[in-house]
Amino acid sequence: MTAVHRFALLLLLLGAISGFSQTTPNMNAFEIRDGWQFRQANLGSWLPASVPGSVHTALLANGIIQDPFYRLNEKNLQWVDKNNWEYRTAFEVGREWLSRDRITLEFLGLDTYADVYLNGELLLRADNFHRAWEVEVKGILKEGENELYVYLHAPTQVGLEKLAAHGYPLPAVNDQSENGGMGDKRVSVFVRKPGYHFGWDWGPRLVTSGIWRPVRLKAWDEARISNVFFQQEAVTEQEAKVEVQVEVQVEQPIEGQLSVFWKDSLLASRPAALDTGLQTLAIPVTFINPQLWWTKELGEPFLYDMRVALTSKGRELDRREERIGLRRIRIVREPDEEGRSFYLELNGHPVFSKGANYIPNDIFLDRVDTAWYREMIQAAADANMNMLRVWGGGIYEDNLFYDLCDEQGLLVWQDFMFACSMYPWDSAFVESVRQEAIYNIRRLRNHASIALWCGNNEIDVAWAQYNERAGWGWKQKYTPGQRADIWAGYEKLFHEVLPEAVGAHHPGAFYWPSSPYDGEGTHATYNSTAGDMHYWGVWQGPDKISDFRNHIARFMSEYGFQSFPEFRSVQEYTLPEDWDIESEVMSAHQRHGTGNLRIREVMQDHYRIPEQFEHFLYAAQLLQAEAIKLAIEAHRSAKPYCMGTLYWQLNDCWPVASWSGIDYYRRWKALHYFVRDAFNTDAVIFERKTDSIRVFTCSGRKEPADAELRLELRDFEGTLLWYENKEVRLRPDRAQLAASLPAGLLEKLSDKNRIYLRGRLLQDGAVLHENLFFFVPPKELALPENPAISVQVKTPGIGQYELRLRSETLVKNAFLQFEESDGFFSDNFFDLQPGEEKVLTFREDKMGEQPLTKEDLKIISLVDTY
């Protein structure tokens, strides 16, 4: 590489250029997708490969390996990450490309240690999965055919070298090094690559290599817009002041004009006398009576289609297009009588955050296509969520993820990619993290959905610097000198490098050093009255599910309980001989030690343990759903003390028993249906006390509203035993204790195992929300045997079905499935109440030869597991 090329590369990397300009008369660009081949380094024949892609998916596509997720195949694939790999392709360029002032190659994602050559000349040595790279190729690119070659170093071998150079290991509790045949050599923290690739307590160990995001060739003359930042300086419902900061890379001095458009309407422009080099110009824009961006329960997530254009002498040199939402976000941390608040304020309105933690959708990221992203974000929106937390052991998500969150009014708690480990602090590592942070902040900062930046997941509480007896037992394993160095390195990354990057490149955004976090000089506990909490006492034990009501913080950013995928999903990665929760295969698809046994242990307190394997999976899903429903209701009824509830976790990255509400095959578990109901904008909530049942109303509306609360006691045959109607005020600012069933009434009730309490919120006759309360655990319910369920199935459209169900006795937790067809039910795992018709829809994924009928429908209910 010549000195000129090194200087150009340095300029481009320091600029942390993100995004992608559309092709204009002055800008040419195309993606290099075709003709890629791969092989194990210096071994064997070249085979076809897809880019974006990974070595594992290329091996699978060529029939060299079997499905890594099937049964125990993962164990046989640990050799892949111990080897180096090569990729190559050839592409043609015409003479007109070579005449341009600048020509670059842009790699939006290299995994991870990659040497890149063009026509035999070294362009780049990449060493960070989490960022893009752009290099100058003018003078190397030639007319006609060009060969692009990428040499990928084995990430585990690089990690071993870095571990040896460091001199001693660092904590990395989720690194499944033993499964990878590496003994106790946990190298994940030394390489800037997703931690979950090395295993987690819900994921496999499949350490990938590859070219995981697109490769693009770009050429331009005179100047280009390299970045645009819409800095929202002041936003109200009357006026929004935005400073549009335009970064321009200039090849020769020009007299130009910068213009800002909303759609085709010119909002502002300014002359631009540009000198050679990289420079930033600001254009103030004021929106009068702007349409603000809201979460959906507060309003419309309105987005402005913005365009910034650079012109000179009547010619457009470049343009950038962004969709922005005008909003004012503030994280409110103010002292109060109970500690210190922690909540999000959107456009001046307090928001109770409702949502889940989000992990990558697959261990092999090239398989996650647009439809997959759309389905997952739509599922979150359909479940009445208003926030997702992008967790720190995965990836900074694809632009599409944030686009969809913007559109759906979903706020994003964005972690930096550090989790459950201590990290190196040498200058090269720190600088790599700095550039990673700058790149991703600049890439994501215009998204309306970005609510806050968080330094890491759980490291502050795991190390617990300020309490010798607290933490996960890490610090006690090191000498005093090592402890001092490790903590100084932590402080460098999470209290200096990352907050400085946020402050410099996303001014005004909130930075939170770790999650959970209580504040400087202390650590979050289950008794904290400030900051956020991760509560794992129920899953880890010995706490009971009811203890979700006893551990409530100002913001609950993690908690959970596991279940299995449904039987149809389990069938996809097992054989019948595996259908036992203690089988080798089912144990391999459970990464939290004795997690399968923990499910059974807790289940016996609440449910009769089913004998059939399929029924056991079904009951486990109900157990998880009821547990998380109770937790959500506890958090919502504690509003405004508690102002956020994000359960662990929305999704899976492979087929596994886990805390997810949607399994790897994108089938909703009972949890996701229950969460949708628990997150309803208006809700009625029951709380069992020693001598009474308390009834709360909660609301996520922007303004107060009047409603009617109707309470009914019914038996399992539908007989009305008691009722009460009350006028209630739905208050956005707090949960309201609306009613209480006194001990006297409860003492008069006989056969509590045969009755239930129904609460309904109504407005103008319409049901806003309904909730049921049972007085005994499910295992004690005297459910009617063999309930007669009448079913009608209609076909209003191709692949669409309407179902009407009715029973004269209670059917508890009806789970519906068409055995010969997969698809989506608009409701499932529901209680079919006596004498009432239930109407729902089914959308078929793939149409069969014949329409579905009621004879094709299979229904499992709780009594079937007795």
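General remarks:
- Within the range 668-711: backbone nitrogen closer than 19 Å to the residue 859 label point (7 Å, Cα to C-beta): 670
- Once the Cβ-Cβ distance of residue 734 and residue 766 is raised to the sixth power relative to R0 = 35 Å, the FRET efficiency obtained is 0.90.
- If you plug the beta carbon distance of residue 334 and residue 527 into 1/(1 + (r/R0)^6) with R0 = 30 Å, you get a FRET efficiency near 0.90.
- Distance between modelled label sites at residue 98 and residue 487, nm, 7 Å Cα→Cβ extension: 6.2 nm
- Solvent-accessible area of residue 311 with every protein chain in place, 1.4 Å probe, in Å² to the nearest 10: 40 Å²
- Eligible aspartates and glutamates near residue 313 by straight Cα distance, threshold 13 Å, same-chain separation 8 or greater: 222, 255
- Relative contact order for the chain: 9 percent, from Cα pairs under 8 Å spaced at least 6 residues apart, divided by residue count.
- Each of 656, 301, 360 was scored by the projection of its Cα onto the charge dipole of the chain, and the greatest displacement toward the positive side belongs to 301; charges sit on the C-beta of Lys, Arg, Asp and Glu.
- Convex hull per residue volume in Å³, alpha carbons only, for the range 673-830: 153 Å³
- Remark on the range 239-386: hydrodynamic radius 19.1 angstrom, per the Kirkwood mean of 1/r across alpha carbon pairs.
- Other residues with beta-carbon under 13 Å from the beta-carbon of residue 331 carry, at +1 per Lys or Arg and -1 per Asp or Glu, a net charge of +2.
- Mean-position separation - Cα centroids, the range 505-549 and the range 319-365, in angstrom: 16 Å
- The residues neighbouring residue 498, those whose beta-carbon lies less than 12 Å from its own, together hold a net charge of -3 under the Lys/Arg +1, Asp/Glu -1 convention.
- Segment residue 746..residue 468, full-extension length gain: 95.2 nm, with 0.36 nm per residue of separation and the alpha-carbon distance subtracted.
- Between residue 313 and residue 725, the modelled labels are 8.0 nm apart [label points 7 Å from Cα along Cα→Cβ].
- Lys, Arg +1 and Asp, Glu -1 on Cβ, resulting dipole of the chain about Cα centre, debye, nearest 20: 1020 debye
- Proximal lysines relative to residue 752, as straight alpha-carbon distance under 27 Å, when same-chain residues fewer than 8 apart are discounted: 544, 629, 689, 726, 779, 812, 838
- List 692, 427, ordered by accessible area with a 1.4 Å probe, largest first: 427, 692
- With a 1.4 Å probe rolled over the protein heavy atoms of all chains, the accessible area of 498, 60, 400 falls in the order 60, 400, 498, largest first.
- For the chain, the percent of C-alpha pairs falling in each 20 Å distance bin, counted from 0 to the bin holding the largest distance, reads 14, 44, 34, 8, 0.
- Whole-number percent relative contact order across the range 643-712, with pairs defined as alpha carbons under 8 Å at least 6 apart: 16 percent
- Full-extension gain in nm, residue 270 to residue 289, via 0.36 nm per residue minus C-alpha separation: 4.5 nm
- By the helix-only formula, in which each DSSP H run with n ≥ 4 contributes -39500 (n - 2.57) and the sum is divided by residues, the chain has a 222 nm mean residue ellipticity of -5500 deg cm²/dmol.
- Between the range 743-821 and the range 659-720, the alpha-carbon center distance in angstrom: 13 Å
- In Å², nearest 10: area of residue 405 left accessible to a 1.4 Å probe: 0 Å²
- Relative protection proxy for 162-173, 223-234, from highest mean packing down: 223-234, 162-173 (other beta-carbon atoms within 10 angstrom).
- Among the protein heavy atoms, those of residue 113 account for about 20 Å² of accessible surface (1.4 Å probe, every chain in place).
- For the Cα trace of the range 79-120, dividing Rg by the Kirkwood Rh returns an Rg/Rh value of 1.08.
- With respect to the chain, whose longest principal axis is taken over its alpha-carbon atoms, helix 399-408 is tilted by about 40°.
- With R₀ fixed at 51 Å, the C-beta to C-beta distance from residue 147 to residue 605 puts the FRET efficiency at about 0.20.
- Remark: the residue 84-residue 820 segment gains 260.5 nm on full extension, using 0.36 nm per residue and subtracting the alpha carbon distance.
The values are calculated or read from the model by the stated rules, or taken from the named source; none is laboratory data. Worth saying up front: this structure is predicted, and the values here are computed from it rather than measured. Please note: Cβ atoms are built from the backbone with ideal geometry, for glycine as well, and neighbour counts cover all protein chains shown. Note: areas computed on protein heavy atoms with side chains; ligands, DNA, RNA excluded. Shrake-Rupley method; radii C 1.70, N 1.55, O 1.52, S 1.80 Å.
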